[in-house]
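Novice: Have a look at this one before I ask anything.
Nothing in this text is a laboratory measurement; each read-out follows from the coordinates by a stated rule. Everything quoted here is computed from the prediction, not taken from an experiment. As a convention, Cβ positions derive from the backbone with ideal geometry for all residues, glycine included, and neighbour counts pool all protein chains shown.
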Amino acid sequence: MKMSNKCYDILKWIALVALDALGLLYSTLATVWGLPYGDEVMKTCAAVSLCLGTLIGVSSVQYKKTLDKGTITSINNEDEHE
């Protein structure tokens, strides 16, 4: 699946920053205000963040491999034409 750079950047920000921050915020407020499921919400946010970050990382590695193959192919093709 190919995604735009904007989509990639947004998903990366969600995985690296937003989910962890929201989980910690809710957990802290749950302790202060007696809200339910503070630990559960924090652990869920952390798990989703980890999963999303891993998928983004795998996607990034595959994308870089594709770029490397394209570069190698184009260099090899130039050699053949000379």
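Novice: Pick out, from I56, T31, W13, the residue whose Cα sits farthest towards the positive end of the charge dipole of the range 5-81, with +1 on the Cβ of Lys and Arg and -1 on the Cβ of Asp and Glu.
Specialist: T31
Novice: Viscosity 0.890 mPa s, temperature 25 °C: what is the translational diffusion coefficient of the range 5-81 from Stokes-Einstein with a Kirkwood Rh over Cα pairs, rounded to a whole number of µm²/s?
Specialist: 164
Novice: Now for a different question. How about the range 2-61: which trypsin sites (Lys or Arg not before Pro) there lie in a loop by DSSP and see at most 13 other Cβ atoms within 10 Å?
Specialist: Listed in order of number, the matching sites are K2.
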